[in-house]
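I have placed the structure first, in the form of structure tokens, so that the comments after it can refer back to it.
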Amino acid sequence: MVTVENLAPVVTVDTPPQDVQYSDRIADVTFTATDVSSIDTMNAQTSYSIDGGEFFAGLPDALTIVGELSFNGPADQQTDATWTLSGIADLAPGSYIIRVTVTDDDGSSGSADATIDVTREDAVPTYVGPLFVSTPSIDVTTAIVELRAVIQDVTLYPQNDDWDPHAGNVTGALVTFVNLDTDTVIAEDVPVQLIDPADPLTGVAIYAWAVDLGNADSASITVGYVVEGFYTCAEEETVITVSKPLQDFITG
């Protein structure tokens, strides 16, 4: 008696691990599957994992911009079969494994992985909030400072050293405001809202900060702000002055 066992398809990938920014197009990745039997039909399915976690069926997508990753080619093919992974990453920063598993008619399968390391897109922040705020009266020690930072995608600044033509959506950015004088966080992960819903490249992060002067009549505070989330930039800073409306004191 001779038992003939099936041989699983052999799957290979032609592209080494690649690094892309969240809104950039990846280099096309071609998966090739071969089978001993030239008449067997092989079926390809995709799955993915993030930062070494469990695998999920399909392809990942952050759903922020048009042009997500796509898996191209008929799902069912005979040897030699090829499929191509292409498109825009549109993924939260992290390390992704895209796995293609190919199964033949007899139920045996083989797989190959493509690794895509997604980094943050560059942003250009600008502080547009008030630089001077007064308390409501001389007897009140607390003032509300509306911290406002406009966040723009670097594609709007061709003169910037970090410029690239692949735009994202700045609603994926988060802003953290820090009191640099005391090295304490004022507000963390403040969301960015679009100023014009039709323009995904410019948004603003707003936070109402309560500043208590205590026994002081005035204070100048150095506030830093940094962009995180799907975007990144060097920390910027500005000086904000909070004062009581004292007699013989004019502000404007």
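The values are calculated or read from the model by the stated rules, or taken from the named source; none is laboratory data. Owing to the predicted nature of the structure, the values given are computational and were not obtained by experimental measurement. When we count neighbours, we look across all protein chains shown, and the Cβ atoms used for this are built from the backbone with ideal geometry, even at glycine. SASA here: full protein model, heavy atoms, side chains in, ligands and nucleic acids out. Shrake-Rupley method; radii C 1.70, N 1.55, O 1.52, S 1.80 Å.
Could you put 157, 231 in order of accessible surface area, largest first, with the 1.4 Å probe and the full protein assembly present?
Listed by decreasing accessible area, they come as 157, 231.
When ligands, DNA and RNA are left out and all protein chains stay put, how many square angstrom of accessible area per residue does segment 83-157 have with a 1.4 Å probe?
I get 37 Å² per residue for this part.
Of 225, 210, 8, which is farthest on the positive side of the dipole of the chain, counting Cα position, with +1 on Lys and Arg Cβ, -1 on Asp and Glu Cβ, and the Cα centre as origin?
Towards the positive end, the residue furthest out is 210.
Between segment 169-200 and segment 1-63, how many Å separate their Cα centres?
38 Å
Using a 1.4 Å probe, what is the accessible area per residue for segment 179-252, in Å²?
In whole numbers, segment 179-252 has 57 Å² accessible per residue.
Heavy atoms only, probe 1.4 Å: what % of the accessible area of segment 154-252 goes to carbon and sulfur, would you let me know?
Carbon with sulfur: 49 percent of the solvent-accessible area.
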